[in-house]
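Any read-out appearing in this document is the output of simple, stated calculations on the displayed coordinates, not a laboratory observation. These numbers come from a predicted model, not from an experiment. Note that each Cβ is placed from the backbone with ideal geometry, even for glycine, and that neighbours are counted across all protein chains shown.
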Amino acid sequence: MEFKTTKRDLEAVFAQIQNQVVDATLPDEELVHRLTRLARRMHQLAQDAWADEAEDFSHLAGQLLNAVKKGDVEGCVMLVESLDDAQTFCHRTFRE
């Protein structure tokens with residue numbers, strides 16, 4: 001049950017962040033902190049089959065947090081796009 005809850009929360013927080021960067025706006029730092037914590041937790045819960053993908057997502061979330069702290073809007077937009085790609089790849093790997 002913890003996995004499903006973590007996944008649901010992670011997807012909800014990520015969707016909020018995606019909505020914030022649509023207009024090239026810096027995402028809310030607290031929201032990105034939450035994303036980073038949830039991504040780390042998801043990596044801890046990951047099965048061996050998709051642990052690498054979860055680790056990549058967690059790493060990108062950490063980079064996003066650093067970009068937010070630096071006020072790097074362009075970097076944030078690019079990292080959110082990379083996170084979206086990583087999430088898609090992870091979901092595809094998990095389903096296989």
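Look at segment 1-25: where a residue is under 21 Å from ALA46 (Cβ atoms) and a partner is of a type in the set (Lys, Arg) and part of a helix (DSSP H, G or I), sitting 6+ places away or on another chain with Cβ atoms under 7 Å, you get THR6/ARG41; VAL13/ARG34.
A search for C-beta distances below 6 Å between a residue of segment 43-64 that is without any contact (Cβ under 8 Å) to a residue 60 or more places away in the chain and any residue that is in a helix (DSSP H, G or I) and among the polar types (S, T, N, Q), counting only pairs 6+ apart in sequence or on different chains, returns HIS43/SER58; TRP50/THR93; GLU53/THR93; LEU60/SER82; ALA61/THR36; GLY62/THR36. Tallying residues that are out of contact with any helix residue (DSSP H, G or I) (no Cβ under 6 Å at 6 or more places or on another chain) and among the hydroxyl-bearing types (Ser, Thr, Tyr) within segment 10-53 yields 1. Just one of VAL73, VAL77 is within 13 Å of the chain's Cα centre (by Cα), in contact (Cβ under 8 Å) with a residue 40 or more places away in the chain and closer than 18 Å to ASN19 by Cα; which is it? Sole residue among the options that is within 13 Å of the chain's Cα centre (by Cα), in contact (Cβ under 8 Å) with a residue 40 or more places away in the chain and closer than 18 Å to ASN19 by Cα: VAL77.
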